[in-house]
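Before any comments, here is the structure.
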Amino acid sequence: MDSQNVLPNTKLGKNQFLNRHSELKKFQPDTAQATKDHLYDFLKRYRMVYVKPNNGTGGKGIFKVEYSSKGGYRYQINETKKKFETYDELYRTMSKLFGDTKHLVQRGIHLLTSKDRPFDIRIMVQKNLRGDWENTGIIGRVAHPDKIVTNYHRGGTPTEISKLLKEYMKKEQVPDYVAKLNRLGLEVAKYMETGYPKVTAIGVDIALDSVLKPWILEVNTKPDASIFKKLDDKSIYRKIWKYKKANRILVRRKKLGNTSTSQPLTRV
């Protein structure tokens, strides 16, 4: 794909790009710009949605918004919770908090839980030393008891994925299911490269619903690797950092015109 046709590197831009892929779009929750009409429509259809800054990072500024025909509307952001009798009251309050920042609204997926705390999954995929995409890490993120987001820097707890999945399937089923998730992450990376050719690492955030269907919540093109330090297997973080360092060197060489865009870096 010509680089001039690349969609904006925003949450909504990447979501729209993934929706062009006939298979990957099946794993994406319905998402749109958070206009007053769109948010109202999503709440009527899904009852629970998330509203996120289009350029936000680290779980900052995310709202969980819910509608009940019996109890009106409510939202939570960080540890703040508010209730409203009418939609106009809800949107008026939220729009003041939005300011000039563009937001998106996304169908809410009811996350699986561990000890009553919701969790999601981060899949790390990177260009390896041969220039090929490779799964380098997968980890669970359990939300802080008082918050709606799972991000590590927002109080989330990094957790071995096997420990989380064993609550929902037999122990012997876990490896095959993890392999399935990794294949999905790899497919996302390969497709993302066709539209974002300079990307060398992605973090795919996955939600699992009650029937264990994976949903792609977001694709990060500058994923934070620090969460993988928390895994017992320290070789995972070492490999992630090795590839990250190698790709930084390769990018610098490309800027200096010392290597072609297709030449892999075989040493670090």
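The values are calculated or read from the model by the stated rules, or taken from the named source; none is laboratory data. Since the model is a prediction, treat every value here as computed from it, not as a measurement. All Cβ positions, glycine included, derive from the backbone under ideal geometry; neighbour counts span all protein chains shown. Quick note on the areas: whole protein, heavy atoms, side chains included, nothing else; ligands and nucleic acids left out. Shrake-Rupley method; radii C 1.70, N 1.55, O 1.52, S 1.80 Å.
Surface exposure of region 29-73, expressed per residue as accessible area with a 1.4 Å probe, stands at 49 Å².
The Cα atoms of region 104-152 give a gyration tensor whose axes a ≥ b ≥ c have a/c of 1.5 or more with a/b greater than b/c, which makes the shape prolate.
Estimated purely from DSSP H runs of n ≥ 4, each contributing -39500 (n - 2.57), the mean residue ellipticity at 222 nm for the chain is -9500 deg cm²/dmol once divided by its residues. Computed over region 122-219, relative contact order equals 28 percent, with contacts defined as Cα pairs under 8 Å that lie 6+ residues apart.
Rounded to 0.05, the FRET efficiency of the LYS242 and GLU23 pair, given R0 = 41 Å and the Cβ-Cβ distance, is 0.85.
Principal axis extents of the C-alpha atoms in region 10-80 (largest first, rounded to whole Å): 39, 26, 20. Measuring only protein heavy atoms, the 1.4 Å probe finds TYR168 accessible over about 80 Å². Highest-first packing order for the peptide set 224-230, 125-131 is 125-131, 224-230, based on the mean count of other beta carbon atoms within 10 Å.
Note on region 164-229: lysine pairs with Cα distance below 28 Å, sequence gap of 8 or more or different chains, count 22. First compute the accessible area of region 1-79 with a 1.4 Å probe, then give the percent of it belonging to carbon and sulfur atoms. Solvent-exposed carbon and sulfur of region 1-79 make up 43 percent of the total. Under 15 Å from a label point 7 Å along Cα→Cβ of LYS44: give me every residue in region 57-78 with its amide N that close. Inside the label zone: 67-69. Normalised by the number of residues in region 63-128, the average gap of Cα pairs under 8 Å and 6 or more apart makes the relative contact order 15 percent.
The gain in end-to-end length when the ASP233 to SER95 segment is fully stretched comes to 45.3 nm, 0.36 nm per residue minus the alpha carbon separation.
If a/c stays under 1.5 just call it rounded; otherwise compare a/b with b/c (prolate if a/b is bigger, oblate if not). Do that for region 53-113, with a ≥ b ≥ c from the square roots of the Cα gyration tensor eigenvalues. It is oblate, given that a/c is not under 1.5 and a/b is not larger than b/c.
Using only Cα positions of region 13-141, each an equal point scatterer, no hydration layer, compute I(q)/I(0) via Debye at q = 0.14, 0.18, 0.20, 0.21 Å⁻¹ and quote the log10 values to two decimals. Summing over Cα pairs of region 13-141 leads to -0.74, -1.12, -1.30, -1.38.
Can you give me the % of accessible surface on region 140-251 that is carbon or sulfur? Probe 1.4 Å, all protein chains present, nothing else counted. Carbon plus sulfur share of accessible area: 52 percent. Per residue, region 95-228 exposes 46 Å² of solvent-accessible protein surface, assessed with a 1.4 angstrom probe and all protein chains in place.
Label positions at LEU129 and LYS163, each projected 7 Å from the Cα along the C-beta direction, are separated by 3.2 nm. At q = 0.21, 0.25 Å⁻¹ the log10 of I(q)/I(0) for region 115-190 amounts to -0.95, -1.10, computed by Debye summation with a single uniform scatterer per C-alpha, solvent ignored.
Size descriptors for the chain (Cα atoms only): Rg and Dmax, in that order, 19.4, 65 Å. Judged by the mean number of other Cβ atoms found within 10 Å, the most tightly packed of the peptides 27-38, 231-242, 182-193 leads the ranking 182-193, 27-38, 231-242. Here the Debye sum runs over all C-alpha atoms of region 139-268 as equal scatterers in vacuum, and log10 of I(q)/I(0) at q = 0.10, 0.13 Å⁻¹ comes out as -0.40, -0.67. Would you work out if region 187-226 is rounded, prolate or oblate? Take a ≥ b ≥ c from the square roots of the eigenvalues of the alpha-carbon gyration tensor; rounded if a/c is under 1.5, else prolate when a/b is larger than b/c, oblate otherwise. Taking the square roots of the gyration eigenvalues as a ≥ b ≥ c, region 187-226 is oblate.
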